[in-house]
């Protein structure tokens, strides 16, 4: 069977199940069962008028981005804003955070999150903008000390729990998203200063959107170094949630809900642009 014919056959709910069953084997059943459970949410109190709930796996990823000595910080695909809150609450008093979202509707949601959940003295150092992150590098080359890129992805947990999205699923969506993810990551890399740190994350399961994207970066740029994602930022002052453990992948780390009490899925990888 030709590749095109195989991909055509792998569509809808049956194709979705076959595709991920091939990736995870017998474990796929337990992952699907975990998808039906409530996510493990962390209530994040950043000192604003309201608290914010985000997946504890997202917290674990965000607190891996070192901010020590970081003055210019970028959250490249920031909506709805949970990770922006994590970064804003941990940046130094002389630091500034640029939170970007390409969608104008989602940008408004991000703006509301910043206004509602951050104290005024921190809000003043957070700027929310609406731009295409894939081309921001044209005017912001080597402008940031730390960048968080939580890239748009397949989000299989949401697909699995929505019959409409599940019936429309096909492998071509993974290919399309991986191209967009690479455009964002390569842009982010060009915006990162030497010595700076970049955290790439998705809530996708496919290696095509995770390790394969990182592998492409490593092949193209010889000054990229993968680091162990240690907890670099404070979280215990903001949430009582217990952060989940991760499993190692070829280049990054992954939190899967069947072994993380419902948290995730979340892939993340910490990279430094070495001098």
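Condition first: buried (at least 22 other Cβ atoms within 10 Å of the Cβ) and out of contact with any strand residue (DSSP E or B) (no Cβ under 7 Å at 6 or more places or on another chain). Now tell me which residues in segment 60-80 satisfy that.
Within segment 60-80, 63, 79 meet the criteria.
Within segment 26-46, can one find any residue that is on the phi > 0 side of the Ramachandran plot and touching a residue at least 40 places away in the same chain (Cβ under 8 Å)?
No - not one qualifying residue is present in segment 26-46.
Kindly indicate whether residue 148 is assigned to a strand (DSSP E or B) and closer than 27 Å to residue 45 by Cβ.
The answer is yes for residue 148.
This table checks each residue for (1) closer than 21 Å to residue 82 by Cα; (2) more than 16 Å from the chain's Cα centre (by Cα); (3) crowded, with 21+ Cβ neighbours inside 10 Å.
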site	(1), (2), (3)
122	yes, yes, no
133	yes, no, yes
165	no, yes, no
176	no, yes, no
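Rundown of residues vs (1) over 20 Å from the mean Cα position of the chain (by Cα); (2) at pLDDT below 95; (3) in a helix (DSSP H, G or I); (4) under 20 Å from residue 253 (Cβ atoms), yes/no style:
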{"position": "7", "(1), (2), (3), (4)": "yes, yes, yes, no"}
{"position": "32", "(1), (2), (3), (4)": "yes, no, yes, no"}
{"position": "38", "(1), (2), (3), (4)": "no, yes, no, no"}
{"position": "42", "(1), (2), (3), (4)": "no, no, no, yes"}
{"position": "50", "(1), (2), (3), (4)": "yes, no, no, no"}
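Can you name every residue in segment 118-141 that is out of contact with any helix residue (DSSP H, G or I) (no Cβ under 7 Å at 6 or more places or on another chain) and either under 24 Å from residue 63 (Cα atoms) or at pLDDT below 95 (or both)?
Within segment 118-141, 119, 120, 121, 124, 125, 127, 129 meet the criteria.
Here are some conditions: (1) free of Cβ contacts under 8 Å to residues at least 60 places away in the same chain; (2) on the phi < 0 side of the Ramachandran plot; (3) not in a strand (DSSP E or B). Residue 142 meets all but one. Which one does it not meet?
Only one criterion is unmet by residue 142, namely (2).
Which residues, counting only those in segment 238-249, are surrounded by fewer than 20 Cβ atoms within 10 Å (Cβ to Cβ) and touching a helix residue (DSSP H, G or I) at 6+ places or on another chain (Cβ under 6 Å)?
The answer is 249, and nothing else.
Give me the pairs, please: first residue somewhere in segment 181-206 and free of Cβ contacts under 8 Å to residues at least 60 places away in the same chain and at positive phi, second residue anywhere and part of a loop (DSSP other than H, G, I, E, B) and surrounded by 24 or more Cβ atoms within 10 Å (Cβ to Cβ), beta-carbon distance under 6 Å, and either six or more positions apart or on two chains.
Going by the 6 Å Cβ cut-off, there are no qualifying pairs.
Using the structure shown, decide if residue 57 is in a helix (DSSP H, G or I), modelled with pLDDT of 95 or more and surrounded by fewer than 20 Cβ atoms within 10 Å (Cβ to Cβ).
Criteria not met by residue 57.
Which of (1) closer than 13 Å to residue 117 by Cβ; (2) buried (at least 18 other Cβ atoms within 10 Å of the Cβ) does residue 50 not meet, given it meets every other one?
In the conditions (1) closer than 13 Å to residue 117 by Cβ; (2) buried (at least 18 other Cβ atoms within 10 Å of the Cβ), residue 50 misses (2) alone.
The values are calculated or read from the model by the stated rules, or taken from the named source; none is laboratory data. Computed from a prediction, not measured in an experiment: that's the story for all the values here. Ideal geometry is used to build each Cβ from the backbone, glycine not excepted, and the neighbour counts take in all protein chains shown.
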